[in-house]
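The values are calculated or read from the model by the stated rules, or taken from the named source; none is laboratory data. All figures in this text were calculated on a predicted structure; none of them were measured in a lab. Cβ placement follows ideal geometry from the backbone for every residue including glycine, while neighbour counts extend to all protein chains displayed. These accessible areas exclude ligands, DNA and RNA; they are computed on the full protein's heavy atoms, side chains included. Shrake-Rupley method; radii C 1.70, N 1.55, O 1.52, S 1.80 Å.
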Number of protein chains: 2
Amino acid sequence: MRLVLAAGSTETARIEGLSAAGADPEAMAYTPSADAEVLAYGDVVRAPSVPVSPTGTPTPAIVTRAAQEVVGFDVTVVDAGLAEPTGAPTVSVGARPGEDVREADPVPTAPGAFLAARGVGRSLPDDHLVLAETIPGGTTTALGVLRALGEDAAVSSSLPTNPIERKREVVSEGLAASGLEAGDCENDPREATRRMGDPVLATLAGVATGALAAGKRVTLAGGTQQLAVAALARHDGATGPLDVATTSYVADDDAVAFRETARRLDCEPTVTDPQFDRAHVGFGGYVDGEAKEGVGMGGALALANATGDLGAVRDRAGELYDRLVGDATAGGES
Amino acid sequence: MRLVLAAGSTETARIEGLSAAGADPEAMAYTPSADAEVLAYGDVVRAPSVPVSPTGTPTPAIVTRAAQEVVGFDVTVVDAGLAEPTGAPTVSVGARPGEDVREADPVPTAPGAFLAARGVGRSLPDDHLVLAETIPGGTTTALGVLRALGEDAAVSSSLPTNPIERKREVVSEGLAASGLEAGDCENDPREATRRMGDPVLATLAGVATGALAAGKRVTLAGGTQQLAVAALARHDGATGPLDVATTSYVADDDAVAFRETARRLDCEPTVTDPQFDRAHVGFGGYVDGEAKEGVGMGGALALANATGDLGAVRDRAGELYDRLVGDATAGGES
């Protein structure tokens, strides 16, 4: 089993009030590069700090790394349009950072990245790939892709109160700028990600369809962004089995209808409750609905649950938090 | 412990008769990209085939991968100027492929790569880094760097009969083209790699000096190319302890004087005999003096020897050879 993290960026994240994937807009630009480092090394290396939300809730990369350390799976990061350098090793698929989805052609590298990523998914030597993402603003571009494909589905948020009306406005503006109406990209996933998506969605859809074509098992680890990946794979004609594994924080949001949407896309949903509580200062924000998911956290927890390691992963995540975030001198000193 | 592989290229490898790191010149261009994949995944992914010499001796990447599987250390690949795409995840330090060392300024990215790599070496979270290389033609550029630094040292070869006279001619032409005499780059390792070296030497010297400055243990895994890295580190003023670990195939070459040169550069030499014999078809070429070293093989075998796993690594290397090279349909089918 190998976890494949697509790390990238979209200027859509700069629209105010859309994302909590960083302490402030400047820090948010480094989030995917930092998440990649936390996952690859258990610490930041080149990025300035471990990502936290504006209220201090830590990146789910800490939880996924904890699961990797306890369960021991392989990890590969794909550069799906990073805007800032990372010290993590990355596979190149030719993706560049995405522009604001309200532009006419925000992701011109999407079709090429999709095809290169398909080759990666096909040829990785593992029987089972677990796909993960990190991209601030990614739920808005996921909504954009779902609308472009004509799929009726809602999306989640890294904020406790989902700014869903603002996302819908942004997507409507984006469709108008691209000269599209909802459904115009039906069965054309490359065009959907190019006009209304982001480079991470294009990359993951490519990896997923390549892996399915080669007969591998594919788990989409994440929330509504991974439902968009599932939709892209289905609109590409992929008929193989897809699991989608997320946290209870996403699945319990009735507005999202996670399980129903997954099943409509012919995906088997798996939902894991991390059982975080406010006893540990680091993860209280998750109880309050912050972050919810990301960097494959739902899939990593599902693996830990399957091996009986959920408690050990939670403990390890707490230790990592204390070392990486709790100590204010950590991260930037080296 | 983490093995850091710098994978890159120099046009110097195109000079006829200098290198056996590929079945033919076209295949040789892919060798570093393929070696990175073999080390990262245990198979090629994007590269066309597992590298072999013109006579069929397999890349030492197979042995290092076998050691990684048996001993279980972390691996990070740095893109030190790859000329062809790789499916392995790589850290970027801004290195570009090196030109022919007979040009005036063959590696303009060397100083920048040196500095970026120094940051990587300093900030990787491990107490012990084992540095490895893969670059066809690299012993010639190693000779070039040693001459530029004014170090009196010979270099080894991936060919059974070392074309040392041809290398000396190439280096003399390179010095003349760069307007340099031997020793002109004393205490200036960045200029030495830029004018007379390759991007792999610049990258490894940067990683080594950064790691030493941060108090990490550094093992240079390889033959005479790693002696050039040691010389670069010493000429940069690094005074920390350096080990250099190679195979008996390099160390038994009297013309090279491996141990003596290592000690003169204040490096502790470790020599490991892989104990290959002709019983296994894959590694008979090593007994005859082909390949000898590369992709950190000497360091990987030293680790295996220290943990009592040398026999297990040799067995695993044989299995990998059978799967990757012995079966003619392997590698290119996916």
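Looking at the stretch B:172-184, is at least one residue in contact with a Ser or Thr (Cβ under 8 Å, 6 or more places away or on another chain) and at negative phi? No, because not a single residue in the stretch B:172-184 is in contact with a Ser or Thr (Cβ under 8 Å, 6 or more places away or on another chain) and at negative phi. Listed by first and then second residue, the pairs linking a residue in the stretch B:253-266 that is more than 13 Å from B:Gly289 (Cβ to Cβ) to a residue that is β-branched (Val, Ile, Thr) and open to solvent by less than 10 Å² (accessible area, probe 1.4 Å), with Cβ atoms under 6 Å apart and 6 or more places separating them unless they lie on different chains, are B:Phe258/B:Val250; B:Ala262/B:Val244.
Of all residues in the stretch B:237-251, which are among the β-branched types (Val, Ile, Thr) and either touching a residue at least 40 places away in the same chain (Cβ under 8 Å) or closer than 16 Å to B:Leu227 by Cβ (or both)?
We begin by selecting, within the stretch B:237-251, every residue among the β-branched types (Val, Ile, Thr); these are B:239, B:244, B:246-247, B:250.
Those that are among the β-branched types (Val, Ile, Thr) and either touching a residue at least 40 places away in the same chain (Cβ under 8 Å) or closer than 16 Å to B:Leu227 by Cβ (or both): B:Val244, B:Thr246, B:Thr247, B:Val250.
Looking at the stretch B:93-101, can you tell me whether even one residue there is touching a residue at least 40 places away in the same chain (Cβ under 8 Å), buried (at least 24 other Cβ atoms within 10 Å of the Cβ), assigned to a strand (DSSP E or B) and within 14 Å of chain A (Cβ to nearest Cβ)? Checked the stretch B:93-101: at least one residue is touching a residue at least 40 places away in the same chain (Cβ under 8 Å), buried (at least 24 other Cβ atoms within 10 Å of the Cβ), assigned to a strand (DSSP E or B) and within 14 Å of chain A (Cβ to nearest Cβ).
If the condition is being closer than 20 Å to A:Ala116 by Cβ and either surrounded by fewer than 24 Cβ atoms within 10 Å (Cβ to Cβ) or among the hydroxyl-bearing types (Ser, Thr, Tyr) (or both), then the stretch A:175-209 contributes A:Asp188, A:Arg190, A:Glu191, A:Thr193, A:Thr203, A:Thr209. If you go through the stretch A:251-284 and keep only what is open to solvent by less than 50 Å² (accessible area, probe 1.4 Å) and touching a strand residue (DSSP E or B) at 6+ places or on another chain (Cβ under 8 Å), you end up with A:Ala251, A:Phe258, A:Ala262, A:Leu265, A:Cys267, A:Pro269, A:Val271, A:Thr272, A:Pro274, A:Gly282, A:Phe283.
Whenever a residue of the stretch B:206-225 is within 14 Å of chain A (Cβ to nearest Cβ), its partners that are of a type in the set (Lys, Arg) and open to solvent by 10 Å² or more (accessible area, probe 1.4 Å), lying with C-beta atoms within less than 7 angstrom and at least six residues away or across chains, give the pairs B:Gly206/B:Arg118; B:Gly210/B:Arg118; B:Gly210/B:Arg122; B:Ala211/B:Arg122; B:Ala213/B:Arg122; B:Ala214/B:Arg122. Being more than 27 Å from B:Ala27 (Cα to Cα) and either modelled with pLDDT under 95 or touching a strand residue (DSSP E or B) at 6+ places or on another chain (Cβ under 9 Å) (or both) is a condition met by at least one residue of the stretch B:107-114. Restricting the stretch B:73-89 to residues that are under 19 Å from B:Ala117 (Cα atoms) and not small (Gly, Ala, Ser), the residue that is surrounded by the fewest Cβ atoms within 10 Å (Cβ to Cβ) is B:Asp74.
Can you find, within the stretch B:157-166, the residue that is least open to solvent (accessible area, probe 1.4 Å) among those that are assigned to a loop (DSSP other than H, G, I, E, B) and of a type outside the set (A, V, I, L, M)?
B:Ser157
Being more than 10 Å from every other protein chain (Cβ to nearest Cβ) and in contact with a helix residue (DSSP H, G or I) (Cβ under 7 Å, 6 or more places away or on another chain): is that true of B:Val50 here? Yes, satisfied. For the stretch B:133-141, does any single residue satisfy the condition of being open to solvent by less than 20 Å² (accessible area, probe 1.4 Å), part of a loop (DSSP other than H, G, I, E, B) and farther than 26 Å from B:Lys216 by Cα? Taking every residue of the stretch B:133-141 in turn, at least one turns out to be open to solvent by less than 20 Å² (accessible area, probe 1.4 Å), part of a loop (DSSP other than H, G, I, E, B) and farther than 26 Å from B:Lys216 by Cα. If you go through the stretch B:212-250 and pick out every residue that is open to solvent by 20 Å² or more (accessible area, probe 1.4 Å), within 21 Å of B:Ala306 (Cα to Cα) and part of a helix (DSSP H, G or I), you end up with 1. Entry remark, the stretch A:1-45: residues being assigned to a loop (DSSP other than H, G, I, E, B) and either in contact with a strand residue (DSSP E or B) (Cβ under 9 Å, 6 or more places away or on another chain) or not charged (D, E, K, R) (or both) number 14 in total.
A quick yes/no check of all residues on (1) among the charged types (D, E, K, R); (2) within 14 Å of chain A (Cβ to nearest Cβ); (3) open to solvent by 10 Å² or more (accessible area, probe 1.4 Å):
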position: B:Glu16; (1), (2), (3): yes, no, yes
position: B:Gly22; (1), (2), (3): no, no, no
position: B:Leu39; (1), (2), (3): no, yes, no
position: B:Glu69; (1), (2), (3): yes, yes, yes
position: B:Val91; (1), (2), (3): no, yes, no
position: B:Glu103; (1), (2), (3): yes, no, yes
position: B:Pro108; (1), (2), (3): no, no, yes
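Among the criteria (1) buried (at least 17 other Cβ atoms within 10 Å of the Cβ); (2) assigned to a helix (DSSP H, G or I), the one B:Glu169 does not fulfil is (1).
Quick check: is even one residue across the stretch A:119-135 of a type in the set (A, V, I, L, M), within 14 Å of another protein chain (Cβ to nearest Cβ) and over 16 Å from the mean Cα position of the chain (by Cα)? Taking every residue of the stretch A:119-135 in turn, at least one turns out to be of a type in the set (A, V, I, L, M), within 14 Å of another protein chain (Cβ to nearest Cβ) and over 16 Å from the mean Cα position of the chain (by Cα).
Only a single item in (1) without any contact (Cβ under 8 Å) to a residue 12 or more places away in the chain; (2) in a helix (DSSP H, G or I) is not met by A:Pro125, and it is number (2).
For residues that are more than 12 Å from chain B (Cβ to nearest Cβ) and either of a type in the set (D, E, K, R) or assigned to a helix (DSSP H, G or I) (or both), tally how many sit in the stretch A:71-83. Full working, then the answer.
Step one: of the stretch A:71-83, the residues more than 12 Å from chain B (Cβ to nearest Cβ) are A:71, A:73, A:80-81, A:83.
The next check asks that each one be either of a type in the set (D, E, K, R) or assigned to a helix (DSSP H, G or I) (or both); those that pass are A:71.
Within the stretch A:71-83, residues that are more than 12 Å from chain B (Cβ to nearest Cβ) and either of a type in the set (D, E, K, R) or assigned to a helix (DSSP H, G or I) (or both) number 1.
On the basis of being in contact with an Asp or Glu (Cβ under 8 Å, 6 or more places away or on another chain), hydrophobic (A, V, I, L, M, F, W, C) and more than 10 Å from every other protein chain (Cβ to nearest Cβ), does B:Ala29 make the cut? For B:Ala29, the condition - in contact with an Asp or Glu (Cβ under 8 Å, 6 or more places away or on another chain), hydrophobic (A, V, I, L, M, F, W, C) and more than 10 Å from every other protein chain (Cβ to nearest Cβ) - is met.
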